[in-house]
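Undergrad: Below is one structure. I have some questions about it.
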Amino acid sequence: MSTLVKKLDWDTKHFGFPIARLRDTGLTASQMRSALRYCRTNKIRGLYFTVDSDDRSSIGLAEENGFRFAGIRAAYFLETRGADE
């Protein structure tokens, strides 16, 4: 298995064809080419790439390689105090 691409078993079963995701943001153009080559070789039909909204370089790289915007995810964080405070 590629170090850049992870096959998603649940998505693959759900959609009926191989789905994967890129493991990292901040990829270089060379890494993107390697990941896409891996997908072609392994017949991956869908590839997710989650990118931070302020990572213009990764967004540009994704768009240059045929990725299309699919949606926005929001992550929430709550810093809690210890139980004894």
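The values are calculated or read from the model by the stated rules, or taken from the named source; none is laboratory data. All values reported here derive from a predicted model rather than from experimental measurement. Glycine also receives a Cβ, built like all others from the backbone with ideal geometry; neighbour counts cover every protein chain displayed. Accessible surface is based on the protein model in full, side chains and every heavy atom, while ligands, DNA and RNA are left aside. Shrake-Rupley method; radii C 1.70, N 1.55, O 1.52, S 1.80 Å.
Undergrad: Being open to solvent by 70 Å² or more (accessible area, probe 1.4 Å), in contact (Cβ under 8 Å) with a residue 12 or more places away in the chain and in contact with a Leu (Cβ under 6 Å, 6 or more places away or on another chain) is true for just one of R23, R45, R73. Which residue is that?
TA: Result of the check over R23, R45, R73: R23.
Undergrad: Same structure again: Taking the condition within 15 Å of the chain's Cα centre (by Cα), modelled with pLDDT of 95 or more and surrounded by 15 or more Cβ atoms within 10 Å (Cβ to Cβ), does L61 pass?
TA: Against the criterion (within 15 Å of the chain's Cα centre (by Cα), modelled with pLDDT of 95 or more and surrounded by 15 or more Cβ atoms within 10 Å (Cβ to Cβ)), L61 does not qualify.
Undergrad: Scan region 1-20 residue by residue and report those that are open to solvent by 90 Å² or more (accessible area, probe 1.4 Å) and in a helix (DSSP H, G or I).
TA: D9, W10, K13, H14, F15
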